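Working notes, structure below.
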Amino acid sequence: LAAQLRDFALRMEGFRDNYANLRRAVFARLTFLASSVPTLTTSVRRKEEYRDRMDALGRWVQAKSRGESWGDIRSRVEKLRAMVADEKAAMEAEEPLSSE
């Protein structure tokens, strides 16, 4: 009986050391996870803020592209194209006369 008690005590001492090491490792990981939660929250908040700002920028660009300034530029470009086409047509109409 004494030998069995001694073996039991030795096993329990080994288990106690292993349990202490396991507990230390688990709590170290939990502490690491708990300390990264504010960082994760900040990261998610910044991503949402970036997404919101990009959406606002996209809406601003769309509004400006439909505004008067872009419409003015487009109408001027169309007028210039029409003038170039008219000038080209006039030059082509004059070419056969000059070669006769």
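Key figures for this structure:
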quantity	calculated
Apportionment of accessible area to carbon and sulfur, the chain, percent (1.4 Å)	60 percent
Within-15-Å neighbourhood charge of residue 24 [Cβ basis; K, R +1; D, E -1]	+2
The chain - mean residue ellipticity at 222 nm from DSSP helices (-39,500 (n - 2.57) per run, n ≥ 4, rounded to 500)	-36000 deg cm²/dmol
Kirkwood Rh and Cα Rg combined as Rg/Rh, the chain	1.80
Whole-number accessible area per residue in Å² for the chain, which is evaluated in the context of all protein chains at 1.4 Å	97 Å²
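The values are calculated or read from the model by the stated rules, or taken from the named source; none is laboratory data. Note that the structure is a prediction, hence the values are computed from the model and not measured. Using ideal geometry, Cβ is built from the backbone for each residue, glycine included, and neighbour counts are taken over all protein chains shown. Heads up: the accessible areas ignore ligands, DNA and RNA and are worked out on the full protein's heavy atoms, side chains in. Shrake-Rupley method; radii C 1.70, N 1.55, O 1.52, S 1.80 Å.
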